[in-house]
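Only one structure is covered here, and it is reproduced in the block below.
The values are calculated or read from the model by the stated rules, or taken from the named source; none is laboratory data. These numbers come from a predicted model, not from an experiment. Neighbour counts are summed over all protein chains in view; Cβ atoms, including those assigned to glycine, are modelled from backbone coordinates with ideal geometry. Side chains included, ligands, DNA and RNA excluded: accessible areas come from the protein's heavy atoms. Shrake-Rupley method; radii C 1.70, N 1.55, O 1.52, S 1.80 Å.
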Amino acid sequence: MTAPPEINIGLMGLGVVGTGVAATLLRRESPISDVTGRPVNLKKVLVRDVSLPRDIDLPPGMLTANAEDILADPDIHILVEVMGGSDPAEGYIKQGLAAGKYVVTANKEVMAKSGPELMALARENDVQILFEASVGGGIPIVGCLMNELAANEIRSIRGIINGTTNYILTRMANERTSFEQALSEAQGHGYAEADPTNDIEGIDASYKLTILASLAYRRAFRHQDVYCEGISKLEPQDFRYAQELGYAIKSLAIANLDDGAVQLRVYPALLPAEHMLAKVDGVYNAVEVHGSLCGQVLFHGMGAGREPTTSAVVGDVIEAARKMGALPPGMQDRGIKPANGPSVRPIGDLLSRYYIRLDVADNPGVLAQIAQVLGDGQISIATVIQKDIQPETGSAEIVITTHPSREASVQQALQALAGLSQVRRVSNTLRIEE
Ligand code: NAP
Ligand code: HSE
């Protein structure tokens, strides 16, 4: 593409993120044109319903409900997609790339499911797709993995990459807020996805981990490669016990390379209270990258919300505007290949310590039966707490932590424990990260 004298933007979506992007692009004193060396204009904004009241005043005629006003306009050079969801967003992105437009997107779902395909399509059309905002809100982790850290073999990535979940867990741990109340606060701040199930069940984080791992290992991982558990099974007593044992509970997204295979997992885990990630609270995200040359690097910042996400989206617009016409073909796919690099290690091979909470009958010999089951599975007990005896129901609550054990053996033992007549419920199982 030859560089146009002025760069025009078509914005798809005017919600939490789109409103921030529009406001920044329309700001008269905006430094964007200085940085890019040519004027950058917002030309059209696509929404579903043009009659809805908006948080921003747009110039007359800018709003449309017809995607073709952007896709078919040859004077729109950059398509910014901040609508969310797979359909129609992915189709619009493909159309935009095929029409020779640069694309900037905050859409982790589309990038996790079809990122490598879209990057290849961009390459075929001599343009680029940029997606910094798809992971970590305002944290520049995507660009760093692609560029500044590219010389490293990435040993592991460990992160808190869903702001909504971290906000909920922080409120539940510190303020004893109910799950529902904390979720509704996160939605009020604009952190949550349109369907917050994606946040709570770890799906949003699994999309983001797929993107990070694909960039780090240059292999097109699928989000189905990520073992995923959400936070909805956590109960107030889990936070109490964790605190008593010296841990915090955080929803972690982990990719680690071991013996030529990568294990990808998202779940709530116990982390030592003094660990840096344990101190990441509220909507903040953090990603710890361990590289062969750089050692341990920690990225920390606001992981969701209008302003941080606008920072990443507009940063990508600036990068696209700078590169337009200056990039040789073949520079955009970042070397991610479908079957490149390390394979995926199944979750059953995980070696971890575990926290197991059981609701049991308060009878003699129960603990011995439990210890027998764990012993049979070669699972060594580290600590045992027994509390909350309820005389009216004859129930006791037992919390066990283990020494490092194999996930497959633990899952087998949990099934055997659930089958014991004295065990009323296996209430929760969490992994302990050191
Ligand atoms: P949002 O508040 O729900 O806004 C979505 C916008 O897209 C709305 O303006 C909506 O139009 C428009 N839209 C949706 N479907 C459409 C369709 N089929 N045709 C035309 N317009 C359509 O979403 P958001 O929170 O800004 O998130 C947008 C994207 O950014 C998502 O991919 C999300 O994952 C990502 N993201 C969000 C955050 C955050 O903190 N919120 C952070 C990082 C990344 P109407 O207004 O007419 O309904
Ligand atoms: N719903 C996402 C979160 C938005 O809470 O992290 C940022 O990707």
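The table below lists the values:
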read-out	value
Answer residue from region 398-415, given it is surrounded by 16 or more Cβ atoms within 10 Å (Cβ to Cβ) and of a type outside the set (S, T, N, Q) and is farthest from GLU235 (Cα to Cα) among those	ARG406
Boolean, GLY163 is more than 22 Å from GLY20 (Cβ to Cβ), in contact (Cβ under 8 Å) with a residue 12 or more places away in the chain, within 16 Å of ligand 1 (Cβ to nearest atom) and not assigned by TED's automatic domain parsing to the domain that holds GLY315	no
Qualifying residues in region 27-56 (those that are open to solvent by less than 70 Å² (accessible area, probe 1.4 Å) and in contact with a Leu (Cβ under 6 Å, 6 or more places away or on another chain)) - the one nearest to ligand 1 (Cβ to nearest atom)	VAL47
Region 349-392, residues that are open to solvent by less than 50 Å² (accessible area, probe 1.4 Å) and charged (D, E, K, R)	ARG353, ARG357, ASP359
Helices (runs of 4 or more DSSP H) lying entirely in region 143-219 (those with 1 or more residues that are surrounded by fewer than 17 Cβ atoms within 10 Å (Cβ to Cβ))	163-175, 179-188, 197-200
Where a residue in region 334-348 is at pLDDT 90 or above and its partner, wherever it lies, is of a type in the set (Phe, Trp, Tyr) and in a strand (DSSP E or B), with Cβ under 6 Å and at least six apart	ILE347/TYR227
Test: residue in region 229-236 that is in a loop (DSSP other than H, G, I, E, B), hydroxyl-bearing (Ser, Thr, Tyr) and open to solvent by 50 Å² or more (accessible area, probe 1.4 Å)	yes
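Residues are listed down the side, and each one gets a yes or a no for (1) polar (S, T, N, Q); (2) in contact with a helix residue (DSSP H, G or I) (Cβ under 8 Å, 6 or more places away or on another chain); (3) modelled with pLDDT of 95 or more:
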{"site": "ILE56", "(1), (2), (3)": "no, yes, yes"}
{"site": "THR64", "(1), (2), (3)": "yes, yes, yes"}
{"site": "ASP69", "(1), (2), (3)": "no, no, yes"}
{"site": "ASP73", "(1), (2), (3)": "no, no, yes"}
{"site": "ILE76", "(1), (2), (3)": "no, yes, yes"}
{"site": "VAL82", "(1), (2), (3)": "no, yes, yes"}
{"site": "SER86", "(1), (2), (3)": "yes, yes, yes"}
{"site": "GLU90", "(1), (2), (3)": "no, yes, yes"}
{"site": "LEU97", "(1), (2), (3)": "no, yes, yes"}
